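Take a look at the structure below.
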Amino acid sequence: MERNPADLASELLGALETAGERGLSLSEQLDHFGRNVPATRLRAARKELEEAGLAVSSSERRAGAGRPATVTRSTRWCPGDRQGS
């Protein structure tokens with residue numbers, strides 16, 4: 001059964017809030033949904049949260065070698081980006 005977009009965004013926001021300051025990489029977001037959500041739908045949910053001021057994404061290095069990861073955090077954990085503060 002396919003999740004509706006609002007439920008997907010809501011569940012993603014919950015996962016981001018649970019992750020706290022660390023946030024979730026794109027791969028970790030896919031893992032959260034058991035890799036059962038197409039990347040395009042996850043991207044749309046993330047964009048919805050970002051446009052609403054509820055999440056922010058940035059490119060950063062994490063432990064280990066490799067290219068930087070795109071990490072998304074709830075604005076609850078990004079005081080400088082929080083709306084209305």
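Before moving on, here are some points about what is shown:
- The chain: Rg to Rh, with Rh as the Kirkwood radius over Cα pairs: 0.96
- Extension gain for residue 7 to residue 39 (0.36 nm times residue separation, less C-alpha to C-alpha distance): 10.0 nm.
Every read-out reported here was derived from the displayed coordinates using simple, explicitly stated rules and does not represent laboratory data. Just so you know, these numbers come straight off a predicted model, no measurement behind them.
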